[in-house]
1. Counting just the residues of region 299-323 that are in contact (Cβ under 8 Å) with a residue 24 or more places away in the chain, assigned to a loop (DSSP other than H, G, I, E, B) and not aromatic (Phe, Trp, Tyr), which one comes out surrounded by the most Cβ atoms within 10 Å (Cβ to Cβ)?
2. Enumerate the pairs (first residue in region 352-373 and touching a residue at least 24 places away in the same chain (Cβ under 8 Å); second residue anywhere and part of a loop (DSSP other than H, G, I, E, B) and of a type in the set (Phe, Trp, Tyr)) with beta-carbon separation below 8 Å, excluding pairs fewer than 6 apart on the same chain, so at least 6 apart or on different chains.
3. Residue by residue through region 266-298, note down the ones that are of a type outside the set (Gly, Ala, Ser), in a strand (DSSP E or B) and under 21 Å from Glu157 (Cα atoms).
4. Given (1) part of a helix (DSSP H, G or I); (2) in contact (Cβ under 8 Å) with a residue 60 or more places away in the chain; (3) open to solvent by less than 50 Å² (accessible area, probe 1.4 Å), identify the lone condition not met by Asp57.
5. When region 192-236 is examined, which residues are found to be basic (Lys, Arg) and either under 20 Å from Val67 (Cβ atoms) or within 11 Å of the ligand (Cβ to nearest atom) (or both)?
6. Quick one: Asp64 ticks every box in (1) within 30 Å of Met170 (Cβ to Cβ); (2) modelled with pLDDT of 95 or more bar one, so which box is it?
7. Just one of (1) of a type outside the set (S, T, N, Q); (2) touching a Phe, Trp or Tyr at 6+ places or on another chain (Cβ under 9 Å); (3) farther than 23 Å from Asn49 by Cβ trips up Lys220, so point out which.
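The values are calculated or read from the model by the stated rules, or taken from the named source; none is laboratory data. All figures in this text were calculated on a predicted structure; none of them were measured in a lab. Positions of Cβ are backbone-derived with ideal geometry, glycine not excepted, and every protein chain shown enters the neighbour counts. These area figures cover heavy atoms from the full protein model, side chains too; ligands, DNA and RNA do not enter into them. Shrake-Rupley method; radii C 1.70, N 1.55, O 1.52, S 1.80 Å.
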Amino acid sequence: MRDKLTISNGVEKIVSLSKRRGFIFPSSEIYGGFSSCYDFGPLGVEMKNNIKKAWWDEMTKKHDDVVGLDASILMSPEVWKASGHLTAGFADELVECRKCHKRFRLDEIVNPKSEIRNPKCPDCGGDLTKPKKFNLMMKTFVGPVEDEASLTYLRPETCQGIYTNFKNVMQTMRLKIPFGIAQIGKAFRNEINPKDFIYRTREFEQMEMQWFCEPKKVDKFFDFWLKQRLNWYYNLGLNKKNLRTYEVPKKELAHYAKRAIDIEYKFPFGWQEIEGIHNRGDWDLSNHSKHSGEDLKYDPSAGSGQEYFPHIIETSVGVDRSLFAFLCDAYQEVKGGRTKTTKSVKEIEVLLKLHKDLAPVKAAVLPLVKNKAEIVKKAKQVYKLLKSDFICQYDETGSIGRRYRRQDEIGTLFCITIDFDSLKKDDVTVRNRDTMKQKRIKINGLTSYINNAIM
Ligand code: GAP
């Protein structure tokens, strides 16, 4: 059974590390923050880019029948009528506590299988109002006049731009079914109850792939893509014990879905969805065809008279949510320390054991001492050499142990120390984050050494 009620929280350490080390900041912090919005700092944006690159490469390079797209966020409001987001099911049931006036999504405080008829406020035990439908679409106006005619919406999922471009992409790329279209982009939902740091926010980024196929092959491809997606997480080092799949019961399915399996991660606050694999049938193409008047059927060979609406398998994952899972999974506390800077066996050092492809900083250059001009000069030369190929940091402040410790905390793969021998031998010490083994490497071989290690 899925964890419905998420009681905070256990993520304080991740929140604190994220803020302290420049991964994630609250939005508009100098004005007291802005509800459920977050800014990705220098390390956060690098990690986010790494996740997006890993996904994009997986989808478009590994599969030669998947192509990319970058559709606009603002679309004709007709899209949202056709997709069902304005009419059918894109609404949550909202209840409000009559005592403390907090609002909740009904499905989060009542397990759909439970017999509870009159749930109480989970915060203060007060009585709740009757559930009301609340549409999650964010409204905006296009142009200078704010009226019904200029009303449109920020997209709540990126995939609709893929469906409206289905024909454009198929024709310009001369594709035949089956094929996929991949896209990464921002999405917006006016969530009733954003929560758990970046887990559920009102602005987030999605990585979605829509696979168009023959209706009779839909089950085969559903299994195929589910397997592919699970392997993606495993290959990026996510602990298998912290991943599971959840078959969404029929009555909980989104309005467009015939079948859905969620990939769930075991967050400190419970098992929660990070990605959905959906069989959307012909819901999207047939509805867009009907509403737009554009025939979106596929004809296997011109004039065969065997046209059909391709069925769609969708893989949909949040960038922010997966980043959160990768951070939680990589976070380790080492008692007694690993850098000899701890003062007692009880003291804890943090190690962020991110996969090499996701680690925001690949190498840190550390002069052994900062009061020897030749060593500092050499270290800066090494930093300059590496900086054009890798995201690097230069750090000369504090003891070498403390500097290792700072780098371990952000998951830096290699610490490169320049010492007195470096001046004579033109080499450096390279410390591996995971093994802590140290190796002397010639400076002129350093770039290829790191390249080989992170390939
Ligand atoms: N196109 C299908 C779709 O959007 P979804 O299950 O609603 O399906 C897919 O969302 C993924 O998008 C989720 O698994 C999650 O990773 C991410 N996501 C959805 N809503 C989110 C939110 N409010 N905050 C952060 N990520 C969200």
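1. Applying the first criterion (in contact (Cβ under 8 Å) with a residue 24 or more places away in the chain) to region 299-323 yields 300, 308-323.
Applying the additional criterion that residues be assigned to a loop (DSSP other than H, G, I, E, B) yields 300, 309-310.
From the residues that got through so far, the ones that are not aromatic (Phe, Trp, Tyr) too are 300, 310.
Working: Pro300: 11, Pro310: 24.
Going through the qualifying residues, I end up with Pro310.
2. Pro360/Phe23; Lys362/Phe390; Ala363/Phe390
3. Of region 266-298, the ones of a type outside the set (Gly, Ala, Ser) are 266-269, 271-275, 277-280, 282-285, 287-288, 290-291, 294-298.
Still in the running and in a strand (DSSP E or B): 266-267, 271-275, 277-280, 298.
Within region 266-298, Gln272, Glu273, Ile274, Glu275, Ile277, His278, Asn279, Arg280 meet the criteria.
4. (2)
5. Initially, region 192-236 is screened for residues basic (Lys, Arg), giving 195, 200, 202, 216-217, 220, 227, 229.
Listed by number, the residues that qualify are Lys195, Arg200, Arg202, Lys217, Arg229.
6. The failed condition is (2).
7. (2)
Residues are listed down the side, and each one gets a yes or a no for (1) at pLDDT below 90; (2) open to solvent by 40 Å² or more (accessible area, probe 1.4 Å); (3) touching a strand residue (DSSP E or B) at 6+ places or on another chain (Cβ under 9 Å); (4) within 16 Å of the ligand (Cβ to nearest atom):
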| site | (1), (2), (3), (4) |
| --- | --- |
| Glu115 | yes, yes, no, no |
| Gly143 | no, yes, no, no |
| Ile181 | no, no, yes, yes |
| Gly185 | no, no, yes, yes |
| Asn190 | no, yes, yes, yes |
